[in-house]
Amino acid sequence: ALSEARQFTAFNQMSAFVVQDIKTLNSQLSLMVSNSARHKTNPAFIEDMIKTTEHAVNKMNILLQHFKSNSAGESGGLQTIDFVPLVSNVIKSKKQLKPVPQLNILNAAEVYVTCKPNEVSSAIGHIVQNAQEATPDAGEITVTLAVENNTCVLKVTDNGIGMTQDFIKTKLFRPFESTKGLSGMGIGAYQCRETFRALGGDLKVLSQPGVGTEFTLTIPLS
C-alpha cells in the first residue's frame, strides 16, 4: 500500500509539471493568436510567431519523449548543465507578463549543476509567474543568481501582496494545494520544493503581507 501511494504521488507530481508546461505553451500561443489580426502584416511579428511556434513544437516533442522514456522503464533524466542559460531562458519566457522580471547574475559567468532541466525550468517558471500574479504591473520582481559555499542560490523577490506566516505554515507547502480553484492545477510550492530537495537543495520563503515575498532556491554545484 505504501509503494502504491508513493507511485501515485510520483505520478501526480509528474502530471503537475506536464500541466504547467501546457499552461505556459497555451499562454504563449494565445497571446500570439490575439495579436495576429493586428500585426499580421508586420515582418517582425511574423518572425516572432515562427520562433514561438517552433519553441512550442520543440517543447511538446520533449514532453512526448519524456513519456516515452518513462513508459520504457528508463531511469535518470539527470543532466549536468550550465544553470545560467536555463534561468535566462525561463526569465525570457515570462517577459510577456507584467511586471517583467529582472535577472541579476552576481558572481559567476557559469554555474554547473546536475538536475532534470525540464522539471527545474518549470519549477522556477512557476515561482516567477506566481510573483508576477501577486505583484501590481508597476511593481518589481528581481531574480538573483549567485554562488555561495559550493551552492547555486537563486532568489526570486517581489514587492507584491505577500503572505501571512500562518498561510506559509499551514497552506503553502501542502501537496497539490491551490488558491486558484481549477485554474491552479499546475505546479504548487510543494512540488517545487520537492524538486529541489531531490537534487540535494531546498526551497525556502520569507514573506510579509503588503511588503512582498522572497523565494530562495538552492542546488549543490556539480
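The values are calculated or read from the model by the stated rules, or taken from the named source; none is laboratory data. Not measured: the values here are computed from a predicted model. In this analysis, Cβ positions are derived from the backbone assuming ideal geometry, glycine residues included, and neighbour counts consider all displayed protein chains. Ligands, DNA and RNA are excluded from the accessible area calculation, which covers all protein heavy atoms including side chains. Shrake-Rupley method; radii C 1.70, N 1.55, O 1.52, S 1.80 Å.
Go through region 161-185 and give me each residue that's at pLDDT 85 or above, within 22 Å of Ile141 (Cα to Cα) and open to solvent by less than 80 Å² (accessible area, probe 1.4 Å).
Gly162, Met163, Thr164, Phe167, Ile168, Leu172
If the Cβ limit is 6 Å and pairs must be 6+ apart or interchain, which residue in region 139-150 that is among the charged types (D, E, K, R) pairs with which residue that is open to solvent by 20 Å² or more (accessible area, probe 1.4 Å)?
Matching pairs, first to second residue: Glu140/Asn159.
Scan region 117-154 residue by residue and report those that are surrounded by fewer than 19 Cβ atoms within 10 Å (Cβ to Cβ) and part of a loop (DSSP other than H, G, I, E, B).
Those that are surrounded by fewer than 19 Cβ atoms within 10 Å (Cβ to Cβ) and part of a loop (DSSP other than H, G, I, E, B): Ala134, Pro136, Asp137, Ala138, Gly139, Glu140, Asn149, Asn150.
Inside region 190-214, can you point out the residues that are touching a residue at least 60 places away in the same chain (Cβ under 8 Å), under 15 Å from the mean Cα position of the chain (by Cα) and open to solvent by 20 Å² or more (accessible area, probe 1.4 Å)?
Within region 190-214, Glu194 is the sole residue that qualifies.
Look through region 151-171, keep the residues that are without any contact (Cβ under 8 Å) to a residue 60 or more places away in the chain and among the basic types (Lys, Arg), and return whichever of them is farthest from His126 (Cα to Cα). Walk me through how you get there before you give the answer.
Start the filter on region 151-171 by keeping residues that are without any contact (Cβ under 8 Å) to a residue 60 or more places away in the chain, which leaves 157-171.
From what's left, among the basic types (Lys, Arg): 169, 171.
Values: Lys169: 20, Lys171: 17 Å.
Looking at the filtered set, the residue picked out is Lys169.
Being part of a strand (DSSP E or B) and either on the phi > 0 side of the Ramachandran plot or in contact with a helix residue (DSSP H, G or I) (Cβ under 7 Å, 6 or more places away or on another chain) (or both) is the filter; apply it to region 87-109 and report the residue that is least open to solvent (accessible area, probe 1.4 Å).
Of region 87-109, the ones part of a strand (DSSP E or B) are 102-105.
Okay, now just the ones that are also either on the phi > 0 side of the Ramachandran plot or in contact with a helix residue (DSSP H, G or I) (Cβ under 7 Å, 6 or more places away or on another chain) (or both), so 103, 105.
Working: Leu103: 54, Ile105: 73 Å².
Restricting to residues being part of a strand (DSSP E or B) and either on the phi > 0 side of the Ramachandran plot or in contact with a helix residue (DSSP H, G or I) (Cβ under 7 Å, 6 or more places away or on another chain) (or both), the top hit is Leu103.
Going through region 38-56 one residue at a time, which ones are open to solvent by less than 80 Å² (accessible area, probe 1.4 Å) and either of a type in the set (A, V, I, L, M) or touching a Gly at 6+ places or on another chain (Cβ under 9 Å) (or both)? Steps first, answer last, please.
Step one: of region 38-56, the residues open to solvent by less than 80 Å² (accessible area, probe 1.4 Å) are 39, 42, 44-46, 49, 52-53, 56.
Result: Ala44, Ile46, Met49, Ala56.
Taking the condition outside any loop (DSSP other than H, G, I, E, B) and more than 11 Å from the chain's Cα centre (by Cα), does Thr80 pass?
Values: outside any loop (DSSP other than H, G, I, E, B): yes; more than 11 Å from the chain's Cα centre (by Cα): yes.
So Thr80 fits the description; yes.
Just checking, which of Gly188, Gly201 is at negative phi and at pLDDT 90 or above? Write out each step before concluding.
Working: Gly188 fails: at pLDDT 90 or above.
Selected residue: Gly201, the only one of Gly188, Gly201 that is at negative phi and at pLDDT 90 or above.
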